[in-house]
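Right, one structure below, let's go through it.
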Amino acid sequence: MMMRSGILVLLAMCLSLTVGRTSARKKPLTITEELAQLKKAVIQLSKQVMLQQTFAEERVRNEGSSGIKIVRAVETGLHNYKSATFLGPAAFACHDHSDYDRTIGLGEMSVVLNGVAFRTRHNDYELVQPSRTSSLQHAVEDIPFPDVPPEVLNKPTVPEQIQEMREWFQAFYKQDKSIRDYSKYFKPVMCYLEGAWTLDENIEEPFFSERHWLDAKSWEELQEKNRFITYTGVKHRMENIAFLPTTIVSVNMTSGDTVYAQWNYRILCNPINFELPLSFFHQEDDLSYRVDSGQTMKESATTRAARFKLFDPTRQQNNQILDEIFASIPGKENHGANLSYTVFSETIMTAGTEIATSHSTLHTIIAPTRQLRTVLEGS
């Protein structure tokens, strides 16, 4: 027993001497050294915060494609099909605003775009297109309306003009040019939502609307109002609050300076420069709406809940008609800009061609050695 006690005392003395020597060798840090360590820690934490945003976006990408997730809810009830998804009950919360000039009704909605989840304000966007004469970012112009057919204008009375115009609508509905050649007067337009990380320090309205605008004077005010809405469950009655995230996009590993980016989006339209047959629109079967309403596919086709996919059965899968339409939509600097790209030492080609991207439009792109489907500008 005494032998064991002696060993314990000896070990304790050795440990004490070792600790004492280590403490004696370690000098206290100077203020400059402490500040340098703190600066290094802040830089590393800032970089990790930036990488966490990348991780969050990648996880969202893995959960599904870009698109509309949830629109405003107007139904109440205990059944699952009463919940709002991309139907609520109108597809994408679309509605009529013929009481306003050039205004297309579109409610607020939660969206995922290339991994970025955000929520819009009530949109009600206008029928405008990217400018064809200005390279100023976000410059737009009105989409010109097609002319009234002269066969209508030449009728001597208003009732006769109305009857003649009905013939043109009938021809378009039946897609029968033998009734009237409607192709010059029924022009298709693609309306789309695009988003991007911006460096705008001052709050910027996503796009003009006669009816709605962000109810905040700064990004910080918008963020605080979002926190209040989220935690209390209340609703902004005018529906003018959007959730638009902020992220760190760059950290200087020497100075520690960080660059913040603000997410923003806009909705606008662009004319389609070729005829678009109605047969290319294929109705989707949304059971959540049909079960609740008790409607057949044919009955629901004439409601605002009708949702369609655009598909040309005569085309190959990797160069569908939607790709061609998107290839006519310009980027941030509008028509006439140069968007040629070299990625990983490879020239980016327009899908289905050997032509390098060298003009202003968005693209589904294809690399020379492997197919790579994406859309530039995050749209």
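With a Förster radius of 30 Å applied to the C-beta separation of residue 200 and residue 55, the computed FRET efficiency comes to 0.75. The alpha carbon centroids of region 256-274 and region 278-299 are separated by 32 Å. Residue 224 contributes about 110 Å² of solvent-accessible surface, heavy atoms of the protein only, 1.4 Å probe. Extension gain, residue 164-residue 218: 0.36 nm per intervening residue step, less the Cα-Cα distance, totals 14.2 nm. Using C-alpha pairs below 8 Å separated by at least 6 residues, the relative contact order for region 147-186 is 33 percent. Label-to-label distance for residue 285 and residue 176 is 2.9 nm, based on points extended 7 Å past Cα in the beta-carbon direction. Across the protein chains, with a 1.4 Å probe defining accessible surface, the residues 343, 291 rank 291, 343 from largest area downward.
Extension gain for the segment residue 135 to residue 186, taken as residue separation times 0.36 nm less the Cα-Cα distance, is 15.5 nm to one decimal. A 26 angstrom limit on the alpha carbon distance is what I want to check against. Which of 184/309; 225/309; 82/309; 235/332 exceed it? Violating the 26 Å limit, Cα to Cα: 225/309; 235/332. Only protein heavy atoms count here; under a 1.4 Å probe, residue 238 has an accessible surface of about 90 Å². When Cα Rg over 2.2 N^0.38 Å is calculated directly from the model, which label among [x] 1.21; [y] 1.42; [z] 0.97 fits? Structure-derived value, by its label: [y].
Note that region 147-186 presents 72 Å² accessible area per residue, ligands and nucleic acids not counted, probe 1.4 Å. Dividing the summed helix terms, -39500 (n - 2.57) for each DSSP H run of n ≥ 4, by the number of residues in the chain produces a 222 nm estimate of -9000 deg cm²/dmol to the nearest 500. What the Cβ-Cβ distance of residue 273 and residue 41 gives, at R0 = 51 Å and to the nearest 0.05, is a FRET efficiency of 0.35.
Under the criterion of Cα pairs below 8 Å and six or more residues apart, the relative contact order for the chain equals 16 percent. Under 19 Å from a label point set 7 Å out along the Cα-to-Cβ vector of residue 74, the amide N atoms of region 237-271 belong to 237-241. Taking every Cα-Cα distance in region 39-159 and sorting them into 10 Å bins from zero, the calculated P(r) comes out as 11, 20, 26, 21, 14, 5, 2, 1, 0 percent. Here the Debye sum runs over all C-alpha atoms of region 122-280 as equal scatterers in vacuum, and log10 of I(q)/I(0) at q = 0.09, 0.14, 0.17 Å⁻¹ comes out as -0.53, -0.89, -1.07.
Shown is the FRET efficiency for residue 308 and residue 48, computed with R0 = 41 Å from the Cβ-Cβ distance and rounded to the nearest 0.05: 0.40. Estimated at the nearest 10 Å², the accessible area of residue 341 is 80 Å² with a 1.4 Å probe.
These residues, 104, 329, 70, go from largest to smallest accessible area, 1.4 Å probe, as 70, 104, 329.
Can you give me the relative contact order of region 222-318 as a percent, contacts being Cα pairs under 8 Å and 6 or more apart?
For region 222-318, the relative contact order is 18 percent.
Remark: spin-label model distance residue 148-residue 33 equals 8.7 nm, labels positioned 7 Å along the Cα→Cβ axis. Among the chymotrypsin sites (Phe, Trp or Tyr not before Pro) within region 299-338, those in coil by DSSP and having at most 16 neighbouring Cβ atoms inside 10 Å are 311.
Overall, the accessible surface of the chain at a probe of 1.4 angstrom is composed of carbon and sulfur to the extent of 57 percent.
The values are calculated or read from the model by the stated rules, or taken from the named source; none is laboratory data. All values derive from a computational prediction rather than experimental measurement. Here Cβ is always computed from backbone atoms with ideal geometry, including for glycine, and neighbour counts include all displayed protein chains. Heavy atoms of the whole protein, side chains included, go into the accessibility calculation; ligands, DNA and RNA do not. Shrake-Rupley method; radii C 1.70, N 1.55, O 1.52, S 1.80 Å.
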